[in-house]
Amino acid sequence: QTPAEHHDEL
Amino acid sequence: MNIFRLIGDLSHLASIFILLHKIQTTRSCRGISFKTQALYVTVFATRYLDLIFGEFVSVYNVIMKLFFLGSSCYILYLMKMKYKPTNDPSIDTFRLEYLLGPCTVLALIFNFSFTPVEILWSFSIFLEAVAILPQLFMLQRTGEAEAITTHYLAALGAYRALYIPNWIYRYYTEGSWDPIAVLAGLVQTGLYLDFFYIYVTKVLQGQKFELPA
């Protein structure tokens, strides 16, 4: 997982 | 987006509306931990920096993040200004440094990249996992709670609990998982287990929320 990907969750 | 996450997010939204409803209708923030609410503002402020520094995800994502930031700040305003006389700091005695210190250290060790945004993101995940502790500690001290306060806590706990099937679903459909969010989310949900037990066996049966002596 890239650093940016987890920002889609709240 | 999957059904677990959507219901989880709606549960999170519901918890905030229940809390606002409780404060406005009783004109009191009795039984609510200011420290926990302040921690939630910290959680949202440090996590949602991605609104400014991250990439655009979706309109849903932006609106929800803005709502959580705005509503949590508004709750602090209600507790510190409008209904200040009903807020009793003498029973809200959990030491915040016990939470902030370890979360800072964990965030510096476990993060997706050693940049301010990612370290703060990790910090917010760890802090969210334990942010409810001052509230639960206060509940423990007073030994009882108004029904509406327990509905708030149940909805708030259900939110992260529902993220667990969401992560399982995402693991199978997307093939990846986020160890930081998942492990912290498991801890966060675990902290509610005791509360959930009393909520289901007492409050949902129409009894008062009282801790066993």
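Derivation of every value follows stated rules applied to the coordinates shown; laboratory data play no part. Worth saying up front: this structure is predicted, and the values here are computed from it rather than measured. Glycine also receives a Cβ, built like all others from the backbone with ideal geometry; neighbour counts cover every protein chain displayed.
Some observations on this one:
- Electrostatic bookkeeping for B:R141 treats Lys and Arg as +1 and Asp and Glu as -1; over the other residues with beta carbon under 12 Å from its beta carbon, the sum is -3.
- Cα centroid separation, the stretch B:86-114 to the stretch B:148-191: 20 Å.
- Neighbourhood net charge (14 Å Cβ-Cβ; Lys/Arg +1, Asp/Glu -1) for B:H21: +1
- Longest to shortest principal axis, alpha-carbon extents of the protein assembly as shown, angstrom: 46, 35, 32
- Simple label model, 7 Å out from Cα along Cβ direction - B:Y171 to B:Y60, nm: 2.2 nm
- Neighbour cut-off at most 13 other Cβ (10 Å), DSSP loop, trypsin sites (Lys or Arg not before Pro), the stretch B:18-65: B:R27
- Here the extension length gained between B:F67 and B:K202 equals 45.4 nm, from 0.36 nm per residue of separation less the Cα-Cα distance.
- Debye equation applied to the C-alpha atoms of the stretch B:91-213, log10 I(q)/I(0) at 0.12 Å⁻¹: -0.54
- With kT/(6 pi eta Rh) evaluated at 10 °C and eta = 1.306 mPa s, and Rh the Kirkwood radius from Cα pairs, chain B diffuses with a coefficient of 88 µm²/s according to Stokes-Einstein.
- Local electrostatic count at B:F209 - Lys and Arg +1, Asp and Glu -1, tallied over other residues with Cβ under 15 Å: +1
- Each Cα pair under 8 Å and six or more residues apart adds its separation to the average, and for chain B the resulting relative contact order is 32 percent.
- Area projected by the alpha carbon convex hull of the stretch B:1-65, averaged over all directions, nm²: 5.4 nm²
- Principal-axis tilt of helix B:59-77 within chain B, Cα atoms, nearest 10 degrees: 30 degrees
- For the pair B:T86 and B:L6, a Förster radius of 25 Å applied to the C-beta separation gives a FRET efficiency near 0.15, rounded to the nearest 0.05.
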